[in-house]
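To start, the structure itself, in C-alpha cells.
The values are calculated or read from the model by the stated rules, or taken from the named source; none is laboratory data. The structure presented is a predicted model; accordingly, all values stated were derived computationally and were not measured. With ideal geometry, Cβ positions are generated from the backbone for all residues, glycine too; neighbour counts draw on all protein chains shown. Heads up: the accessible areas ignore ligands, DNA and RNA and are worked out on the full protein's heavy atoms, side chains in. Shrake-Rupley method; radii C 1.70, N 1.55, O 1.52, S 1.80 Å.
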Amino acid sequence: MNVEASSKTPIVRAGMERISRDFSEGLAGLGYARTRSKFWTRRYEHHLEFIHLFRSGSSYGAPYNASISLRVHLGIAVLDDEREPTWLNGPNSSDLALFHADRFHLRFNAASGSTYERCLEDLLRFATTRAEPWFSTWREPTALLDEERSPLDGEARAALARALRGEASSERVALTLKRFGVPVPGARTKRPRAAEAAS
C-alpha cells in the first residue's frame, strides 16, 4: 500500500465519523436513529425506512487524498422478509435524472474542512426535501402492496401481505432488525466492558 495513501485513511475515517455524527443530530428531529455505522432507520409496524450514507470509492482501498464524496441512498425493508435487505430499492442522491436541478453538493475535504458546512446542509436538505416526501408516499402498507411503482419486489410484497394477515415470524423480524442494528425488543444486550469491570 502506498504510504501517502495510507496516511490519508485516518483523516478520511475521522471526516466520515464527523459528518455521520452531525447528520445524526440533524435527523434526530425526524425520528431517525443511527443504528449502524452509516445507516439511519425509522421503524414502523411492518417495515423500516432507512437512509444509507455511502462514500464514493470506499471499496477501492486506501484513499489517495482527503476529499470525501458522498451518496445518500433511501430504502424500505419489510421486517418479515427473511432475505438480506435490498439496500438500494429507493432513489439515491446521484440520480441526475431526478435531482439534477437540486444541485446537491455532497463532498468536502476532511483535512481542511473546506465545504463541510455546505455538504452537511445539503445532506439534510436531501433528507427533508427528497427523502421525507418519498417515504411519505410509501408509508401505508396498502401503497407498498398495491401500487405498481412500489419499491418492493414480489417477495417483499408477499412478506408484507403475510405480516398484515398476522402471520409474521418473530424470528424473521428479529433477523431483519439485527441486520440493520435495530434493538430487538426483549433481547438481551451485551453490557459494555467498562460497566462489567465496574460491577
Exercise. Taking the range 100-128, which residues are on the phi > 0 side of the Ramachandran plot and either part of a helix (DSSP H, G or I) or touching a helix residue (DSSP H, G or I) at 6+ places or on another chain (Cβ under 9 Å) (or both)?
Worked result: ARG103, GLY113
Exercise. For GLU140, are the conditions met, namely being closer than 24 Å to GLY15 by Cα and not aliphatic (A, V, I, L, M)?
Worked result: no
Exercise. Can you pull out the residues in the range 129-140 that are open to solvent by 20 Å² or more (accessible area, probe 1.4 Å) and either in contact with a helix residue (DSSP H, G or I) (Cβ under 9 Å, 6 or more places away or on another chain) or not in a helix (DSSP H, G or I) (or both)?
Worked result: THR129, ARG130, THR137, ARG139, GLU140
Problem set entry | Which listed residue is open to solvent by 50 Å² or more (accessible area, probe 1.4 Å), aliphatic (A, V, I, L, M) and free of Cβ contacts under 8 Å to residues at least 40 places away in the same chain, from ALA143, ALA111, ALA101 | ALA101
For this session: Considering every residue within the range 58-72, establish whether at least one is assigned to a strand (DSSP E or B), buried (at least 16 other Cβ atoms within 10 Å of the Cβ) and over 17 Å from the mean Cα position of the chain (by Cα).
Result: yes
For this session: Output the number of residues of the range 13-34 satisfying the condition of being part of a strand (DSSP E or B) and buried (at least 18 other Cβ atoms within 10 Å of the Cβ).
Result: 1
For this session: Please find, among ARG103, ARG125, ARG149, the residue that is more than 30 Å from GLU17 (Cβ to Cβ) and among the basic types (Lys, Arg).
Result: ARG149
Problem set entry | SER7 being of a type in the set (Ser, Thr, Tyr), open to solvent by 20 Å² or more (accessible area, probe 1.4 Å), at pLDDT below 95 and part of a helix (DSSP H, G or I) | yes
Exercise. For the range 147-156, which residues satisfy the criterion of being open to solvent by 30 Å² or more (accessible area, probe 1.4 Å), in contact (Cβ under 8 Å) with a residue 24 or more places away in the chain and assigned to a helix (DSSP H, G or I)?
Worked result: GLU155
Exercise. Do we have GLU147 as acidic (Asp, Glu), modelled with pLDDT of 95 or more and either in contact with a His (Cβ under 9 Å, 6 or more places away or on another chain) or more than 23 Å from TYR32 (Cα to Cα) (or both) here?
Worked result: yes
For this session: Test each condition in (1) among the hydrophobic types (A, V, I, L, M, F, W, C); (2) in contact with a Lys or Arg (Cβ under 8 Å, 6 or more places away or on another chain); (3) outside any loop (DSSP other than H, G, I, E, B); (4) over 29 Å from GLY26 (Cβ atoms) for ALA161 and report the one that comes out false.
Result: (2)
